[in-house]
Amino acid sequence: MKTYIILLATAAFLAAPFVTPPFMGYDPGMFPVEITRPSIQPAGYAFAIWGIIYSWLAVSAVFGLLRKGDAMWDRTRLPLFGALVLGSAWLGIANGFPITATVTIIAMAGLSLGAFLTASPTTDRWWLQAPLAMFAGWLTAASMVSLGVILAGYGWLSDTATALTMLTIVVVTTITVQSRRPAMPLYAGAVIWASIGVAVVNWPSNTTVAYAAIAGAVLLVASAGGLFLRR
């Protein structure tokens, strides 16, 4: 039954962008401090990674039908189900309720990390652990982007200070998580992709954040690469 529930939850997650209004980022007018383009937000092209994540999760859910009752798969299903259910509702929430959306995506990130870290590093790793790694990696970055927009939008930190703080948290979190699963660097890879997107979009206007994002990406490449080689 859990296998079919995951399949249905994945289908709902994939369908969400087609049944909710397009999300183009939080409306700056919703915040006391109006920032047209928050520095922590990656370039638009970076979000194309969702195409890979959606596709891989769909393939994993279908393949999971062949692993009904498999204990290695089963222990990932509860946290994954939670992340998918929250993800199915997130777009609808984000268009009008940025604080609620931020709490939701942080919960999604936590649940996806739980699924990734409980997946077997050796059993069906490309069918289960790999898609979970990318899902968790991107949500690690996206949750801090969302939190950063809130912090800057309410004036709790300046736009630049917020971006630097969130980048630091993301890098530390990624290194910590990746150290527990050194053989699956796709987790760090998704975060690196987001960091490069932050660097690209800030290069013309905020070089402080751009350099910090590049430094974070380089550090993650070195860390994940070193962990992978020493595994």
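Coordinate-derived values only; no laboratory data. This one's a predicted model, so the numbers in the text were calculated from it and none came from an experiment. Using ideal geometry, Cβ is built from the backbone for each residue, glycine included, and neighbour counts are taken over all protein chains shown.
Sort through V19, V59, V85 and tell me the only one that's surrounded by fewer than 20 Cβ atoms within 10 Å (Cβ to Cβ), farther than 25 Å from L167 by Cα and touching a helix residue (DSSP H, G or I) at 6+ places or on another chain (Cβ under 7 Å).
The match here is V85.
List every residue pair whose Cβ atoms sit under 8 Å apart, with the two residues 6 or more apart in sequence or on different chains, where the first one lies in region 139-163 and is in contact (Cβ under 8 Å) with a residue 24 or more places away in the chain and more than 29 Å from L80 (Cα to Cα) and the second, anywhere, is surrounded by fewer than 24 Cβ atoms within 10 Å (Cβ to Cβ) and acidic (D, E).
Final answer for the pair search is A152/D159; G153/E34.
Give the residue, chosen from I175, I150, that is under 23 Å from I52 (Cα atoms) and either surrounded by fewer than 23 Cβ atoms within 10 Å (Cβ to Cβ) or over 16 Å from the mean Cα position of the chain (by Cα) (or both).
Details: I150 fails: under 23 Å from I52 (Cα atoms).
Result: I175 is the single residue among I175, I150 that is under 23 Å from I52 (Cα atoms) and either surrounded by fewer than 23 Cβ atoms within 10 Å (Cβ to Cβ) or over 16 Å from the mean Cα position of the chain (by Cα) (or both).
Taking the condition closer than 30 Å to R67 by Cα, in contact (Cβ under 8 Å) with a residue 12 or more places away in the chain, among the β-branched types (V, I, T) and surrounded by fewer than 17 Cβ atoms within 10 Å (Cβ to Cβ), does T208 pass?
On the way: closer than 30 Å to R67 by Cα: no; in contact (Cβ under 8 Å) with a residue 12 or more places away in the chain: yes; among the β-branched types (V, I, T): yes; surrounded by fewer than 17 Cβ atoms within 10 Å (Cβ to Cβ): yes.
Answer is no for this residue.
Output the number of the condition that F47 fails; it satisfies all remaining conditions of (1) closer than 19 Å to A141 by Cβ; (2) not in a helix (DSSP H, G or I); (3) not basic (K, R).
(2)
Scan region 102-111 residue by residue and report those that are touching a Gly at 6+ places or on another chain (Cβ under 9 Å) and either in contact (Cβ under 8 Å) with a residue 24 or more places away in the chain or not in a helix (DSSP H, G or I) (or both).
Of everything in region 102-111, those that are touching a Gly at 6+ places or on another chain (Cβ under 9 Å) and either in contact (Cβ under 8 Å) with a residue 24 or more places away in the chain or not in a helix (DSSP H, G or I) (or both) turn out to be I105, A107, M108, L111.
Can you tell me which residues in region 88-101 are in contact (Cβ under 8 Å) with a residue 12 or more places away in the chain, under 21 Å from G29 (Cα atoms) and either assigned to a helix (DSSP H, G or I) or of a type in the set (G, A, S) (or both)? Full working, then the answer.
Of the residues in region 88-101, the ones in contact (Cβ under 8 Å) with a residue 12 or more places away in the chain are 88-92, 94-95, 98-99, 101.
Still in the list and also under 21 Å from G29 (Cα atoms): 90-92, 94-95, 98-99, 101.
Answer for region 88-101, where residues must be in contact (Cβ under 8 Å) with a residue 12 or more places away in the chain, under 21 Å from G29 (Cα atoms) and either assigned to a helix (DSSP H, G or I) or of a type in the set (G, A, S) (or both): W90, L91, G92, A94, P98, I99, A101.
Under 7 Å by Cβ, and 6 or more places apart or on different chains, what pairs join a residue from region 25-43 that is of a type in the set (S, T, Y) with one that is surrounded by 15 or more Cβ atoms within 10 Å (Cβ to Cβ) and assigned to a loop (DSSP other than H, G, I, E, B)?
Here the result reads S39/N206, each pair linking region 25-43 to a residue that is surrounded by 15 or more Cβ atoms within 10 Å (Cβ to Cβ) and assigned to a loop (DSSP other than H, G, I, E, B).
Which members of region 180-205 meet the condition of being touching a residue at least 60 places away in the same chain (Cβ under 8 Å), more than 18 Å from the chain's Cα centre (by Cα) and surrounded by 15 or more Cβ atoms within 10 Å (Cβ to Cβ)?
Scanning region 180-205 gives V200, V201, N202.
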